[in-house]
Amino acid sequence: MAISMASTHNLKMLTRQGSSKCRMLLTRTNSIAPRTSISFTTTSAATTTESARRHLSNLDLLLQKPSPDPIRQLVETQVGGSQPQTGNGTRPSFSEKKVGKGFLQGFNLPRIWQQLDAAAAEEVSPRNLTRLQRLLSMTQEYSPRNSLGSRWREYHGSNDWAGMLDPLDENLRREIVRYGEFVQAAYQSFNSNPATPEMPPPERHVATPDRSYMVTKSLYATSSIGLPKWVDDVAPDLEWMTQRSSWIGYVAVCDDRREIQRMGRRDIVIALRGTATCLEWAENLRAQQVPMAEHSNDDHLQPKVERGFHSLYKTRGAHVSSLAESVVDEVKRLVEEYKGESLSITVTGHSLGAALALLVADELSTCAPDMPPVAVFSFGGPRVGNQDFAERIGRKNVKVLRIVNNQDLITRVPGTLLGEELEQKLRSMKVAAEDYWNYSHVGIELRVDTRMSPYLKPNADIACCHDLEAYLHLVDGFSSSECPFRSNAKRSLLKLLQEQGSNMKRLYIRKAKAALTLDVKKERQSSFMSNCLPSPS
């Protein structure tokens, strides 16, 4: 009885003492209690001893201090160090763990790290991986963004780009690719919403590739061809394919002071997409030539253009103005708004848009006095008119740079498909005098070749050879006629891989997919670690 009272008295003293003194008393009490209990009644002593041990064990748990370093505890518990145990010697469950012992204990980081795909890392060497990541990077890089300054007129074609095309000037390369991306933005905007509302449509939002430009006007092209009503009844879901008026491009103006200073002037861009609807395809096939309504100052010139292109350019829609009216009115407004500044007008387009770009440039050049210089950058454009139309464009001082792929058949129509030199001989012999065949190209030519790309198959199909992204890929890689594709080309191949994967070489596709897979895993790992690991204090 005295021993039991003494033990109780000692426990009360322990609760009132400091942690260091308590541990000393715990040792002394544990060593005395068993010997004292043996001297008296065995049953009472055993009960008292078990009770004392239980109380002292609970008190010892209360006196344990939490680890001040959660990262160290994480390493100790997850990488093989000691882990806390419960009273029965088993590891505590998740509900039994204390929050203060580290919030990352629920994640098995070593196992996650071990599950990274080491096979992909071994397959692609660091040198090849670095190059592939640069080529497949979402951040597209081009030729240096140098200042054009006082030479901007040369890059805009004042000297017909003499001495800049072979070898291709790095600043001109960048300008060509940049204007091509304005056309890509037109494609993307149309594909996101191809339908035209049954009322005057509001201005459409366009995600321009260059944030220095502001879109000021949406442009619509209208076909003079009308399909029977039963077509819409048969395929009501494809109504946008048979609508007469379709959104075809936009007008944008540079409104960033730094970019204006870099380019040496304020630039006005007209970007036009290619063929997308059934009626536009039907207009493309109307190869008969029609005389232009506007007469030339030279009486001996009889400029004629393809009927379908002229129809899309001049026809008014039910709720929209014609392409000719819209673009002329908007450019006049912008020229008046920025009167007194150094201005330029750049018309760019692909396929059908390249053909319409010539008609737009022809009219803009003389639609008002003191018009800024007009230049055309066209990609994969067909022939538009006869030789007199080509001469008329030249006499109006409209500068045209045509980017042509050797394997692109669209650049050879309308016409005889026999080549420029042979067609000129036939015309001189009056063999090809018919309007269906008497077509001529306009402007200066920059010729690229699909077979020169180390990534595209030499027998790529017609769609690939005419694809706008393939054009930009070839222009970015073109160096000179003696070095058709530069080794340090920087344009991203991701979009080309997505759109023309069947026309890319298998060896490159395999390595590219491996690099993309590894890059995605690294990105996920980096994101996981940044979200889980605490920030350094």
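So here's what we get for this one:
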| read-out | value |
| --- | --- |
| D267 being crowded, with 21+ Cβ neighbours inside 10 Å, more than 18 Å from I225 (Cα to Cα) and among the acidic types (D, E) | yes |
| Conditions (1) out of contact with any Phe, Trp or Tyr (no Cβ under 8 Å at 6 or more places or on another chain); (2) open to solvent by less than 30 Å² (accessible area, probe 1.4 Å); (3) among the aliphatic types (A, V, I, L, M); (4) not in a strand (DSSP E or B); number of the one not met by A318 | (2) |
| Selection within the range 185-203 - open to solvent by less than 40 Å² (accessible area, probe 1.4 Å) and more than 16 Å from the chain's Cα centre (by Cα) | F190, P194, T196, P201 |
| Single residue of E445, E363 found to be modelled with pLDDT of 90 or more, in a strand (DSSP E or B) and open to solvent by 20 Å² or more (accessible area, probe 1.4 Å) | E445 |
| Filter pass, S212 being touching a strand residue (DSSP E or B) at 6+ places or on another chain (Cβ under 8 Å), surrounded by 13 or more Cβ atoms within 10 Å (Cβ to Cβ), closer than 16 Å to M263 by Cβ and among the polar types (S, T, N, Q) | yes |
| All positions within the range 293-306 that are modelled with pLDDT under 90 and open to solvent by less than 20 Å² (accessible area, probe 1.4 Å) | L301 |
| Which listed residue, of R258, R244, R286, is modelled with pLDDT under 95, basic (K, R) and surrounded by fewer than 17 Cβ atoms within 10 Å (Cβ to Cβ) | R258 |
| Search result, residues across the range 322-340 that are open to solvent by 70 Å² or more (accessible area, probe 1.4 Å) and in a loop (DSSP other than H, G, I, E, B) | K339, G340 |
| Tally, over the range 352-392, of residues that are more than 25 Å from E336 (Cβ to Cβ) and among the aliphatic types (A, V, I, L, M) | 5 |
| When residues of the range 463-491 are limited to those that are touching a residue at least 40 places away in the same chain (Cβ under 8 Å) and touching a Leu at 6+ places or on another chain (Cβ under 6 Å), the one surrounded by the fewest Cβ atoms within 10 Å (Cβ to Cβ) | E469 |
| Failed item in (1) open to solvent by 60 Å² or more (accessible area, probe 1.4 Å); (2) modelled with pLDDT under 55, with A515 passing the rest | (1) |
| Matching residues, the range 366-405, being in a helix (DSSP H, G or I) and either open to solvent by 10 Å² or more (accessible area, probe 1.4 Å) or farther than 19 Å from L272 by Cβ (or both) | Q387, D388, A390, E391, R392, G394, R395 |
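Here is a yes/no grid of residues against (1) under 17 Å from E181 (Cβ atoms); (2) assigned to a loop (DSSP other than H, G, I, E, B); (3) modelled with pLDDT under 80:
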| site | (1), (2), (3) |
| --- | --- |
| L474 | yes, no, no |
| F485 | no, yes, no |
| K490 | yes, yes, no |
| K521 | no, no, yes |
| S530 | no, no, yes |
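The values are calculated or read from the model by the stated rules, or taken from the named source; none is laboratory data. Computed from a predicted structure; not experimentally measured. As a convention, Cβ positions derive from the backbone with ideal geometry for all residues, glycine included, and neighbour counts pool all protein chains shown. Side chains included, ligands, DNA and RNA excluded: accessible areas come from the protein's heavy atoms. Shrake-Rupley method; radii C 1.70, N 1.55, O 1.52, S 1.80 Å.
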